[in-house]
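Asks: Supplied in C-alpha cells, the structure appears directly below.
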Amino acid sequence: MRHRRTRHLSATLIAVLGLVALAGPAGASSESIGACISEHLEEMITHGDTDHVLRELREESTQDDLEACLEAPNPILPELNEIIWGGAAFLILFVVMVKKGFPAVKGAMDARADRIRADLDAAETAKADAQAVQADYEARLADAQGEVARLFEEARASADQLRADLTARAEADIAEMRDRAAADIEASRQQAIADLRTEVAGIALGAAERVVQSSLDEDAQRRLIDEYIDEVTGSDD
Amino acid sequence: MTDGLVAGYADALFAVASAEGDPAAVEDELFRFAQALRVDDDLQSSLADPGVPASRRQQIVEDLLDGRAGSTTVAVVSMVVAAGRASRLPAIIDAFVERSAASRNKAVATVRSAVELTDEQRERLTAALNGATGKDVEVRVVIDASVLGGVVTEIGDDIIDGSVRHRLSQLRESFR
C-alpha cells in the first residue's frame, strides 16, 4: 500500500514538473491586439466586399471577436498548441517514466525496502541471537553459581566428614592405646603375681621338702607306708 | 607297653630260664639287675656303647654279676648285651618279669619306696593290691630315695602314687 501511494505521488510530481517545464509563459506565443484585429479584418475582406465587411462589423459576433482581441490573454491557461505539445510531451515522458523510470525507481525502492527489511530481519535475528546468548550466558552463570555452591557444599561436607573421621579415628586410637596399656599393665601385673607366686611356691616347697626329708624318720616312713596300704585297702571296699 | 622286639627277647629269656629249670630265681636276679641298671647311667651307657667291643661288654656283665647271680642270668644278660640291645635291657627284663609272673597267673606290682618294706607291710600291700586289682599280685619292691616317703605302685600301665614326692608336686601345681 505504501509503495503504491509512493508510486502515484511520484507520477503526479513528474507530470506537474513536465507541465511547468513545457508550458511557456501565458501569452508568450499569442498574437498582438493589432494582429488579431488585422487577422479578423483580413478574413472578412477575403470573404466579401466592403459592404460585407461593414455588415460583418455590425454584427454582434464580430464585435465580440474583435473585443476578444482587445481582451488580455489568460495568464494561466496556455494556448491550445501548448497544451497539445505539452500534453504529448507529458504523455511521452509519462510513458517513458512509467516504462523505464518507475521500474528503476520501484526496483531501487524495493531493493532499499528489501535491504531495510533484511537489515531489520538481521537486526531481529541479531537481537534474538543476543537474547539467546544472554539467556545462555545467564543460564551458564546460574549453572556456574549452582556448581560453585554445590562444590562449596561438597567441600564443606567433605571437610566435616574428614574432621569427624579423624576425630573418631583419634578417639579410637586413644581408646585402643588406653586399652592396650591397661591390658599390658594387667598382664604385667598378672605375670608379676604369677612369677612371685611361683617364686614363693618354689621357696616354700624347697623349704617344705627339706623339712619333710629331715622329718621323715623310720617311724614316719613306716606310718606313710601303712597309710598308703590302708588307702589301697579302703579303695577296694 | 612292650613292642615286638622287647616281647621277643622276653619270650626268649623266659624260654631259656624255663629250660634251665629255675625261672623264678632268674626273674628275681634280672629284676634286681634292671633296677641297678636304671639308677646307674654310666653302666647303661657302657653296655650300650657300640664303640666298645661286644666281648668287652660281656666281660663287664660277667664281672658285675659274678657271685651275685646264677649262670643262667649271666648268660641271658650277656647275650642281650652282645646283641647290642643293652639300652632296651630294662624294658626286656620288665617284659620278662611280667611274662614269668603271667606264667604263674600272677601280675607284677613294682613298688617304689624310700625304705624297705617290712614283711608284714609286704603281705598287707599284696593283699590290698589283690583286692584293688582283682589279680593275684606279686610285689617287687624297688628302693628309690626320690620318692621321699610313701609308696608308688605300678601294675602294668596303672600307677597308684602315694608318695611324698607326688604330694609335693601336686602342691607345686596348685601354686601355679
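Asks: Can you find even one residue in the range B:112-133 that is under 13 Å from the mean Cα position of the chain (by Cα), surrounded by 19 or more Cβ atoms within 10 Å (Cβ to Cβ) and part of a strand (DSSP E or B)? Write out each step before concluding.
Replies: As a first pass, look at the range B:112-133 and keep what is under 13 Å from the mean Cα position of the chain (by Cα): B:112.
If we keep only those that are surrounded by 19 or more Cβ atoms within 10 Å (Cβ to Cβ) as well, we get B:112.
If we keep only those that are part of a strand (DSSP E or B) as well, we get B:112.
Yes; the residues of the range B:112-133 include at least one that is under 13 Å from the mean Cα position of the chain (by Cα), surrounded by 19 or more Cβ atoms within 10 Å (Cβ to Cβ) and part of a strand (DSSP E or B).
Asks: Among the numbered criteria (1) surrounded by fewer than 21 Cβ atoms within 10 Å (Cβ to Cβ); (2) in a helix (DSSP H, G or I); (3) not β-branched (Val, Ile, Thr), which single criterion is violated by B:Arg68?
Replies: So B:Arg68 meets the others, but not (2).
Asks: Taking the condition of being more than 9 Å from chain A (Cβ to nearest Cβ) and either within 18 Å of A:Leu205 (Cα to Cα) or assigned to a loop (DSSP other than H, G, I, E, B) (or both), how many residues in the range B:152-162 meet it?
Replies: 2
Asks: Further, regarding this structure: Being aliphatic (A, V, I, L, M), on the phi < 0 side of the Ramachandran plot, away from chain B (no Cβ under 14 Å) and part of a helix (DSSP H, G or I) narrows it down to one residue among A:Ala170, A:Ala194; which is it? Steps first, answer last, please.
Replies: Values: A:Ala194 fails: away from chain B (no Cβ under 14 Å).
Among A:Ala170, A:Ala194, only A:Ala170 is aliphatic (A, V, I, L, M), on the phi < 0 side of the Ramachandran plot, away from chain B (no Cβ under 14 Å) and part of a helix (DSSP H, G or I).
Asks: Right, something else. Could you tell me which numbered condition B:Arg165 fails, if it satisfies all but one of (1) in a helix (DSSP H, G or I); (2) under 29 Å from A:Val211 (Cα atoms); (3) within 7 Å of another protein chain (Cβ to nearest Cβ)?
Replies: Every condition holds for B:Arg165 apart from (3).
Asks: Give me the residue from the range B:85-105 that is surrounded by fewer than 17 Cβ atoms within 10 Å (Cβ to Cβ) and not in a helix (DSSP H, G or I) and, out of that set, farthest from the other protein chains (Cβ to nearest Cβ). Give the steps one after another, and end with the answer.
Replies: So in the range B:85-105, the residues surrounded by fewer than 17 Cβ atoms within 10 Å (Cβ to Cβ) come out as B:87, B:102-105.
Next cut, not in a helix (DSSP H, G or I) only: B:104-105.
Working: B:Arg104: 22, B:Asn105: 20 Å.
My answer is B:Arg104.
Asks: With the checklist (1) loosely packed, with under 11 Cβ neighbours inside 10 Å; (2) over 30 Å from A:Cys36 (Cβ atoms) in hand, flag the one item A:Val105 doesn't pass.
Replies: With respect to (1) loosely packed, with under 11 Cβ neighbours inside 10 Å; (2) over 30 Å from A:Cys36 (Cβ atoms), A:Val105 is out only on (1).
Asks: How many residues are facing another protein chain (nearest Cβ under 9 Å) and outside any loop (DSSP other than H, G, I, E, B) if we restrict to the range B:134-151?
Replies: Of the residues in the range B:134-151, 1 are facing another protein chain (nearest Cβ under 9 Å) and outside any loop (DSSP other than H, G, I, E, B).
Asks: Which of (1) over 17 Å from the mean Cα position of the chain (by Cα); (2) hydroxyl-bearing (Ser, Thr, Tyr); (3) assigned by TED's automatic domain parsing to the domain that holds B:Glu62 does B:Ser87 not meet, given it meets every other one?
Replies: (1)
Asks: Okay, next question. Give me a count of the residues in the range B:106-129 that are within 11 Å of chain A (Cβ to nearest Cβ) and either more than 22 Å from A:Asp230 (Cα to Cα) or of a type in the set (A, V, I, L, M) (or both).
Replies: 9
Asks: Identify, from the list A:Glu227, A:Glu231, A:Glu176, the residue that is free of Cβ contacts under 8 Å to residues at least 12 places away in the same chain, in a helix (DSSP H, G or I) and more than 14 Å from every other protein chain (Cβ to nearest Cβ).
Replies: Values: A:Glu227 fails: more than 14 Å from every other protein chain (Cβ to nearest Cβ); A:Glu231 fails: more than 14 Å from every other protein chain (Cβ to nearest Cβ).
It is A:Glu176.
Asks: In addition: Looking at the structure I just gave you, is A:Val200 within 7 Å of chain B (Cβ to nearest Cβ) and surrounded by 10 or more Cβ atoms within 10 Å (Cβ to Cβ)? Let's see the steps before the verdict.
Replies: On the way: within 7 Å of chain B (Cβ to nearest Cβ): no; surrounded by 10 or more Cβ atoms within 10 Å (Cβ to Cβ): yes.
Against the criterion (within 7 Å of chain B (Cβ to nearest Cβ) and surrounded by 10 or more Cβ atoms within 10 Å (Cβ to Cβ)), A:Val200 does not qualify.
The values are calculated or read from the model by the stated rules, or taken from the named source; none is laboratory data. Bear in mind that the values here come from a model prediction, so they are computed numbers and not experimental data. Don't worry about glycine lacking a Cβ; one is built from the backbone with ideal geometry, like all the others, and counts go over all protein chains shown.
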